[in-house]
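Single-structure report; data block below.
The values are calculated or read from the model by the stated rules, or taken from the named source; none is laboratory data. Not measured: the values here are computed from a predicted model. Quick reminder, even Gly has a Cβ in these numbers, built from the backbone with ideal geometry, and neighbours come from all protein chains shown. We work out accessible area using only protein heavy atoms, side chains counted, and drop any ligands, DNA or RNA first. Shrake-Rupley method; radii C 1.70, N 1.55, O 1.52, S 1.80 Å.
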Amino acid sequence: MKRKKYIGVFLAAVLILCSCTGCWGSKELTDMVQVIGTGLDNAENGQTKLTVQAGSASTSKSDNKKKSAESQIILYQKTGNGIFDMVRDITHESNRRLFIGHNQCIVFGKEDAQKGVKNQLDFFLRDSEARMNVNILVSDSTAEEILSTQTEDYDMPAVGIKQLLEMQQANAESVSTDLMDFSLALASETTCPVASMIHLSKSNGKPRFVVSGTAVFKKDKLVGTLDEEKTRGYLWAMNKMKNGVVNIQSHSQPVCLEILGSRAAIKPVLQANHHLTVHFPISVKLGIREIKNQDGISYDELSKQLEQDVSHLIQKKISDCFHETQLYGTDIYGVGKLVEEKYPQDWDNIKDKWDTLYRNSIPEVSVEVKVKDSGEISKTYG
């Protein structure tokens, strides 16, 4: 009886000890260098140049407690055929290993993106520390230039880029694509990936990052770009214009309106002869935020005119963007996926010629605009 009692006490003690242990196989932060941003550029002989930005995550210049820029940023660069090998080679320069769990962005140089990015992304998709929400961008020059430049706003470019993307997303002026979105599009039979375009402006001698326009990929290769206006057309069509500003001329005078809400859908219609029409029904609610020289015009007259003008503006942006993607043969909207879901019996007969079908499809854009808010002042002018 006593023997059983002793065995019970022993087992209880073992369980308690096991529950009180620390994290087995834990990794101390002091043993690692945190990767903040990574860049990939084309190099000679078909190789890739890797730029790694590492350091502390505190970047705002308003932070009075931050260290100097020199102590914050560490730049590593390697050239080779595989990302994993280059990352391992960096250990020859550092007594701490790289930790990519805090990586904020992956920037591709333009030439590298044109060559193809699938093999390079393989490392980030396989590594257990990598995050799928890391942002994908394409530089109009090189990734090295972007990640090695300190702006007057941020000492650490990678975190500055992350915050800039978040701000642009709130204003609905550029796309925001992460590793998950990009890899899902790559795995699709028809949908083509997009990414943010980033530029380095050097006006007044002070470098500043500008996120503007969209990089358009065919499979994993960069084939073209969309300017800011066409990018907004893409965002309207993809139901990603929840807020932001619309500037328009009414009666030859500028009017600024705020987007209060937007609803959009993509509805493909495949006819018996495999003629494809892509419908874009859009519904938008706006508020008047600034008007100049509209004396003598009633609110009802003004709002109706604005609704017509904005409707035409949105129709043009969506149509222009769609036609541009047709020239590239890039279905960035996922129309092919929608056709496959809606017409599964027809899909097997048309999927091999989807590029041609998409290039010849007809977009039909219908936009319903309502000006619901005139602001706090009187609704009658004059």
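Observations on the model:
- With all projection directions averaged, the alpha carbon convex hull of the stretch 248-382 covers 9.4 nm².
- Between GLN345 and MET167, the C-beta separation translates, for a Förster distance of 51 Å, into a calculated FRET efficiency of about 0.65.
- Extension gain, VAL245 to GLU258: 0.36 nm times the residue separation minus the Cα-Cα distance gives 4.2 nm.
- Two-site FRET efficiency, GLU229 against ARG97, from Cβ-Cβ distance with R₀ of 35 Å, rounded to 0.05: 0.20
- Potential lengthening between GLU301 and ALA187 on full extension [0.36 nm per residue; Cα-Cα distance subtracted]: 36.0 nm
- Full-stretch length increase - SER148, SER366 - with 0.36 nm per residue and alpha-carbon distance subtracted: 74.0 nm
- Out-of-range pairs (alpha-carbon distance over 28 Å; input LYS242/LYS353; LYS316/LYS337; LYS221/LYS337; LYS110/LYS342; LYS337/LYS370; LYS285/LYS317): LYS242/LYS353; LYS110/LYS342; LYS337/LYS370
- Surface composition of the stretch 126-213: carbon plus sulfur atoms hold 45% of the accessible area, using a 1.4 angstrom probe and ignoring ligands, DNA and RNA.
- Under 11 Å, Cβ to Cβ, from VAL138 - net charge with Lys/Arg +1 and Asp/Glu -1: -2
- Whole-number percent relative contact order across the stretch 114-239, with pairs defined as alpha carbons under 8 Å at least 6 apart: 26
- Summed residue charge, Cβ within 15 Å of GLY213's Cβ, Lys/Arg positive, Asp/Glu negative: -3
- Charge dipole (Cα centre; +1 on Lys/Arg Cβ, -1 on Asp/Glu Cβ; no other charges) of the stretch 264-382 amounts to roughly 100 debye.
- Using the Karplus relation 6.51 cos²θ - 1.76 cosθ + 1.60 with θ = phi - 60°, the per-residue 3J(HN,Hα) values for the stretch 40-46 come to 10, 10, 6, 10, 5, 6, x Hz, with x marking Gly and Pro.
- The mean sequence distance of close C-alpha pairs (under 8 Å, at least 6 residues apart), as a share of the length of the stretch 204-345, puts its relative contact order at 25 percent.
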